[in-house]
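So the structure is just underneath, and the comments pick up after that.
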Amino acid sequence: PHLAALVLARGGSKGIPLKNIKLLAGVPLIGWVLRAAIDAGVFHSIWVSTDHDEIEKVAKQFGAQVHRRSPEVSQDSSTSLEAITEFLNHHHEVDIVGNIQATSPCLHPSDLIKVADLIQKEGFDSVFSVVRRHQFRWSEVKKGENKMTEPQNLNPAKRYRRQDWPGELYENGSFYFAKRHLIEKGYLQGGKMAYYEMRAEHSVDIDIDIDWPIAEQRVLSFGYFGKEPLKEVKLLVCSIDGCLTNGRIYVTEDHKEMVSYDYRDIVGIDLLKKRGIQVRLISDRDCSKTLSAMQLGCVAKVNVTNKLQVLKDWQEDMGLSWKEVAYLGNEESDMECLKQAGMSGVPADACAAAQKAAGYICKSRGGCGAVREFAEHIFLLLEKVNSARKQ
């Protein structure tokens, strides 16, 4: 049976404009679940249903196909079931839909693999995600009612200790898998049903549970970053023009060139060095005089025609694996380096091709703090590496 992953991501949002592609820990929100779906390897096709051009662009960058939903199912009042039904009407090859919520950025491929087995091998018609919570419930007393509240799931005279009570299962909204025949009858849950219990730390719902800064910390701690485990970064290679500088060149009347840079980026380079991370610089053009004036004390290679070859030479000379190399670039000439490096980033104003190849998109523009921001991102991921080692 054809199992399709489907992420519903319309352009309208009552809370955060274009929330589905807002950067969360350097990755568009929708990118986190698409990465997990692709790496799970259980889907015959992966789709994003949207009505917005920018969301379509990001979806394709992450390797998904796009279904352009109609205005009729793109309203605030439109339901998920209506959007999924429309998708099925246009894609008759699909037998099972795995509806994955874009607002669940801590989803891992291992969860999706187990759910696919439940519905494909064990014959369930629908499977949905839940999380276990240890919360005591009480009946609501509305204002003006003359009555007492009543306990719903506890005896106040014999309150459970947390470790003695298994808790209760709640839907967490991360995903809903269902077979076509069930959806065509108007159900996402029904038939032979099963739940899949997710770990509490992976159960993050941007819409309900959490605000953006807290979500970023949760994703950095518990998110899925790729098939290979993270390693400690030993080398950062940074493109000079457009990353360390803003890419602009000022020419004086006597034909001398001048560029500007942000002192925060110099601090970022110093912090990296103090953490034992080498910083090396690279440029397509000859900017040796500029580097000399900046007095950064970094190894640099200028007038480069093949950045990837230089990066490979440095990596081999230092005896590093690619997972130990980070790269910050902004142009098409940086694309192969961004793809090869274990950790890659681009400034906010990098070209589209570079953004597509990068794992992290800075909020800062080139020459305006992007290097410092990427350094902070490296430090956060190093904390994740160290935490994993301790565990």
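Roughly how many percent of the accessible protein surface of the chain is carbon and sulfur, given a 1.4 Å probe and a whole-percent answer?
48
What order, most packed first, do the peptides 187-199, 120-132, 350-362, 334-346 have when packing is the mean number of other Cβ atoms within 10 Å of each residue? Can you show the working numbers first?
On the way: 187-199: 15.6, 120-132: 17.6, 350-362: 21.0, 334-346: 23.5.
Highest mean packing first, the order is 334-346, 350-362, 120-132, 187-199.
Note the full-extension length gain between Arg137 and Thr252 as 0.36 nm times their separation in residues minus their Cα-Cα distance, in nm to one decimal.
Here the answer is 34.2 nm.
Can you figure out the FRET efficiency of Arg159 with Leu118, using R₀ = 41 Å and their beta-carbon distance, to the nearest 0.05?
Numbers: r = 35 Å, r/R0 = 0.85.
Computed FRET efficiency for Arg159 and Leu118: 0.70.
Each residue of the range 25-40 in order: what ³J(HN,Hα) in whole Hz does its phi give by Karplus 6.51 cos²θ - 1.76 cosθ + 1.60, θ = phi - 60°, with x for Gly and Pro?
Values, residue by residue: 6, x, 10, x, 3, 5, x, 4, 6, 5, 4, 5, 5, 5, 6, 5 Hz.
Going Cα to Cα from Lys121, which aspartates and glutamates come in below 17 Å? Please leave out same-chain ones fewer than 8 positions away.
Asp95, Asp111
Put a dot 7 Å past each Cα toward the Cβ at Lys192 and Gln65; how far apart are the dots in nm?
The modelled label-to-label distance comes out at 2.8 nm.
Apply the Karplus curve 6.51 cos²θ - 1.76 cosθ + 1.60, θ = phi - 60°, to the phi angles in the range 188-193 and return the couplings in whole Hz, x for Gly and Pro.
9, 10, x, x, 7, 9
Express the accessible area of the range 235-343 per residue in Å², computed with a 1.4 Å probe while the remaining protein chains stay in the model.
53
Can you compute the label reach from Asp207? Point 7 Å from Cα along the Cβ direction, backbone N cut-off under 13 Å, restricted to the range 16-34.
In the range 16-34, the label zone of Asp207 (backbone N under 13 Å from the point 7 Å along Cα→Cβ) covers 16, 19-20.
Collect residues whose amide H, placed 1.01 Å from N in the peptide plane, falls under 5 Å from the amide H of Leu6; neighbours closer than 5 in sequence don't count.
Trp47, Gly98, Asn99, Ile100
Kindly state, to the nearest 0.05, the FRET efficiency for Ser110 paired with Ser292, given R0 = 51 Å and r defined as their beta-carbon distance.
Plugging the Cβ-Cβ distance into 1/(1 + (r/R0)^6) gives 0.50.
What residues have an amide H closer than 5 Å to that of Leu24, excluding those fewer than 5 places away on the same chain, when H is modeled at 1.01 Å from N in the peptide plane?
The list, which skips near neighbours in sequence, is Leu29.
With a 1.4 Å probe and all protein chains left in place, how much accessible area per residue does the range 28-87 have, in Å²?
The answer is 40 Å² per residue.
Starting from the Cα-Cα distance between Ser45 and Asp76, subtract it from 0.36 nm times their residue separation and give me the gain in nm to one decimal. Walk me through the numbers before you get to the answer.
Numbers: separation 31, 0.36 × 31 = 11.16 nm, distance 2.71 nm.
Extending this stretch completely gives an extra 8.5 nm.
What are the ³J(HN,Hα) values, in whole Hz, obtained from phi via the Karplus relation 6.51 cos²θ - 1.76 cosθ + 1.60 with θ = phi - 60°, for each residue of the range 212-226 in sequence order, with x given for Gly and Pro?
Result, rounded to whole Hz: 5, x, 5, 4, 4, 5, 5, 5, 4, 7, 10, x, 9, 10, x.
The values are calculated or read from the model by the stated rules, or taken from the named source; none is laboratory data. Keep in mind that this is a model prediction, so the values were computed, not measured. Cβ coordinates were reconstructed from backbone atoms using ideal geometry, including for glycine residues, and neighbour counts include every protein chain displayed. Remember, those area values only see protein heavy atoms, side chains included, never the ligands or the DNA or RNA. Shrake-Rupley method; radii C 1.70, N 1.55, O 1.52, S 1.80 Å.
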